[in-house]
Each structure stands twice: as structure tokens, then as C-alpha cells.
Amino acid sequence: MSENSIVVITGANRGIGLELARLYASRGCSVIGVCREASPELKEVAARIIDRVDVTTDEGMARLVAGLEGEHIDLLINNAGLLKDEKLGSIDFDSIRTQMEINAYAPLRVAEALVDQIPSGGKIANITSRMGSIADNDSGGRYGYRASKAALNAFGKSLAMDLKPRGIAVAQLHPGYVKTRMVNFGGLITPEESARGLAERIDGLSIENTGSFWHSNGEELPW
């Protein structure tokens with residue numbers, strides 16, 4: 001995104017979201033960080049913060065919409081997510097429901113609520129996971145996370161098709177195996193490295209390749 005672009009990032013207070021906020025702020029973009037609780041680090045880089053937002057609730061969505069009223073959005077990054085582990089024989093279906101709410105339904109709710117504020121040439125980036133790839137699943141498990149990210153991929157693909165006539169491009173982006181709290185800091189790359197790769201994919205996103213599913217390293221992933 002170019003200097004002075006408006007970038008809205010959900011889950012911006014830590015991890016990948018925070019590093020994306022830092023990156024876009026360093027480019028001269030005006031970053032609006034959305035989160036449940038603002039962190040000191042986010043306060044240092046965001047032009048504005050909309051906190052106390054739970055994107056899974058009507059109240060949270062109303063607060064988000066009110067906070068962005070009248071604002072045009074050049075880039076929307078749906079980053080907020082939750083990872084839990086379920087194993088066959090002891091599956092917690094409440095855990096699966098929660099992951100579906102946060103990982104799949106919330107990004108769609110946010111996109112639908114804000115899409116009229118995104119102009120032609122604008123972009124939506126859904127931070128998904130290669131664990132949402134059905135073709136790539138050769139290890140099983142993670143029922144809720146896999147299903148919720150697969151659903152997000154399906155939602156994102158439909159968004160891409162529906163928004164193509166309006167000139168808005170949509171991508172599903174896998175950040176890599178990143179050293180964040182979500183995976184107890186056991187990843188392979190740093191949040192900074194992931195953010196740089198994600199930003200490169202967003203830079204390359206256009207109406208011609210809208211609807212794609214990419215790894216942050218540039219690999220196109222199978223559905």
C-alpha cells in the first residue's frame with residue numbers, strides 16, 4: 001500500500017497483527033488497530049485504535065462500525081484468530097464452535113460490515129492457514145482449526161467473486177509457522193519475517209489474481 005493509505009487490522013495488539021501494524025506504519029500508512037485490549041506496542045504505531053471490540057458479537061461489531069463511520073478503507077486485514085487442539089475420542093464441540101465464530105464467521109461479518117467503505121482498488125486480506133487446505137491435510141487432528149480456516153477460505157473465495165465487479169481484490173494468506181503465543185512460540189519464522197512476506201503478497205494482489213490462496217513465501221497453496 002502507498003503512503004497515506006488507510007489500513008485496518010483486526011487482532012492488531014500482538015503477534016502477526018502487531019508486526020503488520022508496524023510495517024504499514026513504517027510505510028507511512030495510517031494504521032487503525034482493532035482489538036479487544038490495546039497493547040503499549042500498538043499504541044506506539046497505530047494512528048488510531050478501536051479497542052474493546054469482540055468481532056464475534058453484535059455489540060463488538062456495532063462498536064467497530066461506529067468507530068470507522070465515514071472512514072474510507074484501502075486495506076482491510078482480517079487477522080484475529082484462535083487455535084485449539086481437538087483429538088478424536090475427546091472432541092470438544094464448544095471449542096470447535098468458538099473457533100468457527102472467531103476464525104470464519106467474524107472475518108465475514110467484518111468484511112460485510114465495512115465493504116461499502118472500501119473503494120475500487122481496495123483490498124481485503126484474510127489471514128488464514130494452510131491447515132485449512134483439505135488437499136494438504138496429511139496428518140489429521142485440529143478439527144476446529146482446520147474446519148474454521150477451510151470455511152474462511154470458502155468465504156474469502158466467494159467474497160472475491162462478489163467484489164470483483166466492484167474492483168475490490170481479496171486474498172487468503174497463510175502467514176507461515178510463526179513464533180507467536182498461539183503456538184507457544186514454537187514456530188519456524190518470526191512475526192517480522194511473516195509480516196514482510198504477507199505484505200509482499202498483498203502488494204501483489206490485484207483484481208486479476210483475486211481469490212488466490214497464498215503462503216507468505218509466495219507459494220500458491222492447494223484448496
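The values are calculated or read from the model by the stated rules, or taken from the named source; none is laboratory data. Because the structure is predicted, anything quoted here is derived from the model rather than measured. Cβ: placed from backbone, ideal geometry, glycine included. Neighbour counts: every protein chain shown.
On the given criteria, is N4 at pLDDT below 95 and either surrounded by 20 or more Cβ atoms within 10 Å (Cβ to Cβ) or more than 17 Å from the chain's Cα centre (by Cα) (or both)?
For N4, the condition - at pLDDT below 95 and either surrounded by 20 or more Cβ atoms within 10 Å (Cβ to Cβ) or more than 17 Å from the chain's Cα centre (by Cα) (or both) - is met.
Between a residue in region 199-223 that is touching a residue at least 40 places away in the same chain (Cβ under 8 Å) and any residue that is among the β-branched types (V, I, T) and not in a loop (DSSP other than H, G, I, E, B), which pairs come within a Cβ distance under 6 Å, given they are 6 or more apart or on different chains?
Qualifying pairs under 6 Å: T210/V170.
Can you find, within region 186-223, the residue that is surrounded by the most Cβ atoms within 10 Å (Cβ to Cβ) among those that are part of a helix (DSSP H, G or I) and hydrophobic (A, V, I, L, M, F, W, C)?
L198
So which residues in region 33-45 are crowded, with 21+ Cβ neighbours inside 10 Å and either more than 22 Å from E200 (Cβ to Cβ) or at pLDDT below 95 (or both)?
Matches in region 33-45: V34, C35, L42.
Pick from region 70-108 the residues that are β-branched (V, I, T) and more than 11 Å from the chain's Cα centre (by Cα): which of them is surrounded by the most Cβ atoms within 10 Å (Cβ to Cβ)?
Applying the filter and picking the extreme gives I73.
Would you call D51 closer than 23 Å to H174 by Cβ, among the acidic types (D, E) and crowded, with 17+ Cβ neighbours inside 10 Å?
Criteria not met by D51.
Which residues, taken from region 48-99, are small (G, A, S), touching a strand residue (DSSP E or B) at 6+ places or on another chain (Cβ under 7 Å) and either within 20 Å of C29 (Cβ to Cβ) or without any contact (Cβ under 8 Å) to a residue 24 or more places away in the chain (or both)?
G67, A80
Counting only residues that are crowded, with 17+ Cβ neighbours inside 10 Å and not hydrophobic (A, V, I, L, M, F, W, C), which one in region 109-122 is farthest from the chain's Cα centre (by Cα)?
Q117
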